[in-house]
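J.: Structure provided below as C-alpha cells; questions to follow.
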Amino acid sequence: MTIKKLMAALFATAGLAALPASAANIFIVNFDGPGEGFNDPTPAAPVGGNPGTTLGEQRLNAFAYAASIWGANLQSTVDIYVGARMDPLACDANSAVLGSAGPTFVNRDFPAAPGQGTVVAGHWYHIALANKLAGEDFVPDFVHISARFNSELGKPNCLAGSPFYLGIDGNAGTLIDLSTVLLHEFGHGLGFSTTTNGTTGAYNGGFPSIYDKFAYDNDANKAWNQMTDAQRAASALNSRRLVWTGLNTWVSALFTLDFGTPQLQITKPFSIAGLYQVGEAAFGAQLDDKRVEQKVGQVVDQTNGTGLACTALSTANAKAVKGKVALVDRGVCGFAVKAKVVQDAGAKAMIVVENVDVTPPADMAGVDATVKIPSVRVTLATGNAIKGALAGGDDVKVQLEMNWLQLRGADRLGRTMLFNPKPFQPGSSISHWDTSAERNLLMEPFINADLTHSVKPPKDLTLPMLKDIGW
Ligand SMILES: [Zn+2]
C-alpha cells in the first residue's frame, strides 16, 4: 500500500455542514476565512429552494445539496470530506474558470474489505474510492477532495452578468447553475480523472491510474495502462478515437445517448476511402434530414490561391462545383457566406476544410435562412487527403450522412468517447467526455445549460463511470 499526497489539505479550524444519513456521507469543510467565500455576510434573498439569507450561507447550502446528491448515489462506509473554498479564480469578460476539484491523495495496492469490490493491483485510486474499497480511512486527519470555486463570477471582467445561480431547483435560466458545477467537480474528486500526465504520457510515480485501465485507444488497440509514455502522449491527441470501455457505462450509454452521428464517408478513390469525422453546421439543411451522395468539386481559383468562396465564384469554379459537393477552405468570411456562394453556383452540399491543424473538426456557427444545402467541416488532414486525390486526377466521391446506428458521442461499438482534442488542453483533456455527446453529459469539459442534477441514466453517465472504476 502506498499513499501518495497530491496537495496540502490540512483541516483548518472549520465548521462542518452535516448532511442527513445516506448511502455515503459527504461533508463540506469550510476552508474560507472570515467575511469571505462561504462566510460572506452580504445579505441575500432566499432563491430557488435555497433558504440561506447571506451569500455565504447560500453558497454553503448549494455545496451541501450537491454533496447530498452524490451521497445518495454512492455506497461507502467511510465518510468523505470535501475541503472547499471560494476564491478569485482566472477569468475575463468572456470566459472564466468556474471551479476545480480533485483528490487530495491517491492510494494503490491496498487490501479490499469483504464485499466492497476489487482492487486492481498497481493502479492509483482517488482516496475517497480507496477508502470505500478498503472500508477504512487511510488519511483520517485530512480531507479527501479539495475544491475551489470562483468567488468573482458575474462581477465586472469575470463573465459580467453571469453569476452562479445559487438556487437548488435547477431553474438557473441564463445564469450558471452552481449545483451543476459542483456535481461536475465532485465527480472529478470522486474518480473522474486520470493521474497520468497527458502531455508526456508519464505515469504518476510510475503507476497508472485506475482511470487508465478503461481509457482505450481505437487505433493503438490498447488501453492507457498498456501503453508506453510515447503511445499515451500520442493517444492524448488522437481525437474521438479514445473511448471508455467500462461495462456499466457501455450499457448505460444505450439509453442515455441519442442515436445518430454525422459522418463523411469517402467511397472513391480507394486510396482515401473510409469514414471521416465532421463538424456540423448551424445553418442550412441538417444531415438528419438530408443525405448527399455526390462527387466533390474543389473551389480553387479564388484570391491568394485558396478556395475561400467568400465572393461569387468564377465561371470555372462555378462549373467545378455545380451539381457536386463543393470543397472550400476555411477563412476570411463566415461559414454561412461560403455556403450561400457555393449554393448559388449550384453545389449540392459544402465541405469546409479547416485551415489549422486542430482536431476534432468543430461545428460551424452562422445564420442564413436562404441556405438550403447541408455543410460539414473536416480537419486539415482530411481536406488535404481529398485535395491530393483530386490533384492526382482522381474522382472523389463522398456520402454526407447521419449514421443512425451510432450513438452520438460514442464509437461504433457504443463506447463513450473521452475528450482528447489537439492541441492538448491542460486540465480538460482526457478527464472528461467528448463534447460531441448528446444528450449533453455532466462530465463534458463545458457546463451545458440543459444539464439536470441527475448523475445517472437516462440523464447522465457519471455514476456508471464511477461504478466501472470500483464505486
Ligand atoms: Zn471538469
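Throughout, read-outs are computed from the coordinates displayed, never taken from laboratory work. Predicted, not measured: the structure shown is a model, and the values here were computed from it.
J.: Is the shape of the chain best called rounded, prolate or oblate, per the rule: a/c under 1.5 gives rounded, else a/b larger than b/c gives prolate, else oblate, with a ≥ b ≥ c the square roots of the Cα gyration tensor eigenvalues?
T.: Values: a/c = 2.52, a/b = 1.72, b/c = 1.47.
Prolate.
J.: Can you bin segment 2-191 into rounded, prolate or oblate? Criterion: square roots of the alpha carbon gyration tensor eigenvalues sorted a ≥ b ≥ c, rounded for a/c under 1.5, prolate for a/b above b/c, oblate for the rest.
T.: prolate
J.: At 0.36 nm per residue, minus the direct Cα-Cα distance, what do Val251 and Leu405 gain on full extension? Give it in nm, one decimal, please.
T.: 53.9 nm
J.: Counting only C-alpha contacts under 8 Å and six or more residues apart, can you give the relative contact order of the chain as a whole percent?
T.: 15
J.: Strictly over 26 Å apart at the Cα level, which of Lys222/Lys295; Lys319/Lys387; Lys322/Lys397; Lys319/Lys422; Lys422/Lys456; Lys295/Lys338 would you flag in this model?
T.: The answer is Lys222/Lys295; Lys319/Lys422; Lys422/Lys456.
J.: Just to confirm the number: angle between the C-alpha axis of helix 178-190 and the first principal axis of the chain, 0 to 90 degrees, nearest 10?
T.: Helix 178-190 and the main axis of the chain meet at about 80 degrees.
J.: Cα to Cα, under 18 Å, and not fewer than 8 places away if on the same chain: which aspartates and glutamates meet these conditions relative to Lys372?
T.: Glu280, Asp288, Asp289, Glu293, Asp344, Asp363, Glu401
J.: Counting DSSP beta bridges in segment 23-103, what percent are antiparallel, to the nearest 5?
T.: The antiparallel proportion sits near 40 percent.
J.: Between Ser271 and Asp92, what length in nm is gained on full extension when 0.36 nm per residue of separation is reduced by their alpha carbon distance?
T.: Details: separation 179, 0.36 × 179 = 64.44 nm, distance 4.71 nm.
Taking 0.36 nm per residue and subtracting the Cα distance, the gain is 59.7 nm.
J.: Quick check: from the Cα gyration tensor, does segment 40-99 come out rounded (a/c under 1.5), prolate or oblate?
T.: oblate
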